[in-house]
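Report on one structure; see the data block that follows.
Where a number appears in this text, it was derived from the coordinates with a stated rule and is not lab data. Computed from a predicted structure; not experimentally measured. FYI the Cβ positions are ideal-geometry reconstructions off the backbone, even for glycines, and counts take in every protein chain you see.
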Amino acid sequence: MSDTLYNTPEHELFRATVRKFVDDELRPRAREFDAQGRFDKALYKTMGDLGMLGLRYDEQWGGAGLDWSYSAVLFEELGRADNAGVTMGISVHTDMATPSLHQFGSDELRQQYLVPSIAGEMVSAIAVTEPDAGSDVAGIKTRAVRDGDEWVINGSKIYITNAATADWLCLLTVTDPDAGYGGYSQIIVPTDSPGFRYELLDKIGNLGSDTGQLFFDDVRVPVANTIGDIGRGFQQQMMQFQDERLVACVSSVASSQDVWEATRKWAEERILFGKPLSKMQNTQFKFVEMLTEITAARELTRACVRKVVEGEDATEIISMAKLFCARVSRRVSDECIQLSGGYGYMKESPAGRSFVDSRLGSIGGGSDETMMHYLAKQLGF
């Protein structure tokens, strides 16, 4: 693919649309969203009206029928929102909960749940992680037992983004405990179902989106709410994870660039020993080192996007990018908080917020250790 992957007139027009949305609707209210622990649900409808929520989905369901490069543009711009929690909530909806529904769901499920989700009239969440099963997805215990034409679901999930906002869940659950990897299914669970409840959790970062624990107590949903074939949920979830991880890479690079620029501006204005902090050689070297790593992370991420757009298997390189980009984001935020001094330790500081927000990157969507475990196996260790 040519180097115009992101630079066609169509990409630039879309980028301008997203940037205006970010500058008008998100950045001015970033601290407000943190304070309320979530962002306004109405913003999903605004994004739906602007065509941002179904970029890669078929036009038949209200999508735009575009390729992954447009998703990259979307999350490059959302990474500038000055609020990682907001970007997290949106990405859960667009690239963690809905991909399996689009790819494997029945037409009836797509009409009922995907169409309004693309329009921003419904919000979704992905329910996989449990108290005893995080990156070890095969360890989940939530169970769905068939009773005629219904599933009866019992169990719990934890650390679920959009817990209080979602209208429906893409739930990964055990449907046959004796079938190994063929014993899991993805099931749509409306959050107004009797027997379902949530409790919000108190996070240290990513405050602009709600995160909670989910409880299922004899929750009944139709067997027809199963996404794809019964017993194929584990495999479908592994495919869905690739979208999640690539979005995480794009977002973390963009937010790293954003905090780098904010810290540079602060260093240019901060007078220390009679001259701007930015004029000190050590400071300049730190900014050069950070930008070098950010650029490397961006190019690695774009290489992933190219592979996906060209239809190649990108699992290995996405795993590398997920590992690398998360660590770059952590190092950049740490350097920026150090350069910002006491101001960097304040909640109002871009560096301070980035410091706590970026830490999740090496945990969520598959920990660093999970990425390295997979890559080691690929290398034959």
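General observations
- Most to least packed among 90-98, 6-14 [average Cβ atoms within 10 Å]: 90-98, 6-14
- Candidate lysines - alpha carbon under 29 Å from residue 45, same-chain residues fewer than 8 apart omitted: 20, 157, 203
- Principal axis dimensions, the chain - Cα atoms, whole angstrom, descending: 78, 49, 44
- Dipole of the stretch 9-118 [Lys/Arg +1, Asp/Glu -1 at C-beta], most positive-end residue of 117, 78, 63: 78
- Gaussian network model of the chain, Cα within-10 Å springs - most flexible of 252, 209, 362: 362
- Charge dipole (Cα centre; +1 on Lys/Arg Cβ, -1 on Asp/Glu Cβ; no other charges) of the stretch 124-229 amounts to roughly 160 debye.
- Convex hull volume per residue for the stretch 224-308, taking Cα atoms only, in Å³: 116 Å³
- Multiplying the residue separation of residue 19 and residue 121 by 0.36 nm and subtracting their alpha-carbon distance yields 34.5 nm.
- For the stretch 235-378, the mean projected area of the C-alpha convex hull, equal to one quarter of the hull surface, is 9.2 nm².
- Selection from 140, 33, 164, by position along the positive dipole direction of the chain (Cβ): 33
- Protection proxy ranking, highest mean first, for peptides 213-222, 134-143: 213-222, 134-143, where packing is the per-residue count of other beta-carbon atoms within 10 Å, averaged.
- Cut-off 16 Å (backbone N to label point 7 Å along Cα→Cβ of residue 145), residues of the stretch 169-187: 174-178
- The stretch 9-118, relative contact order in percent, only Cα pairs under 8 angstrom and at least six apart counted: 31 percent
- For the stretch 244-336, applying the loop criterion from DSSP together with a ceiling of 10 other beta carbons within 10 Å to the chymotrypsin sites (Phe, Trp or Tyr not before Pro) yields 273.
- Across the stretch 237-381, Cα pairs under 8 Å and at least six residues apart give a relative contact order of 30 percent.
- The stretch 124-229, relative contact order [Cα under 8 Å, separation at least 6], %: 31 percent
- Dipole of the chain, positive end: most advanced residue of 212, 46, 358 [Cβ charges, Cα centre]: 358
- Magnitude of the charge dipole for the stretch 222-274, about its Cα centre and with charges confined to Cβ atoms of Lys, Arg (+1) and Asp, Glu (-1), is about 100 debye.
- For the pair the stretch 1-60 / the stretch 304-318, the C-alpha centres are spaced 23 Å from each other.
- By the rule of a C-alpha distance below 17 Å, with chain neighbours fewer than 8 residues away ignored, the lysines paired with residue 307 are 322.
- In summary, the lysines within cross-link reach of residue 286, defined as a Cα separation below 20 angstrom excluding same-chain residues under 8 places away, comprise 265, 275.
- In degrees, nearest ten, helix 9-21 long axis to first principal axis of the chain (Cα): 90 degrees
- Placing +1 on each Lys and Arg Cβ and -1 on each Asp and Glu Cβ, with no other charges, gives the chain a dipole about its Cα centre of roughly 1340 debye.
- Scanning the chain for cysteines with no neighbouring cysteine C-beta under 4.7 angstrom from their C-beta gives 170, 304, 336.
- Helical contribution to [θ] at 222 nm, DSSP H n ≥ 4, -39,500 (n - 2.57), averaged over the chain, rounded to 500: -14500 deg cm²/dmol
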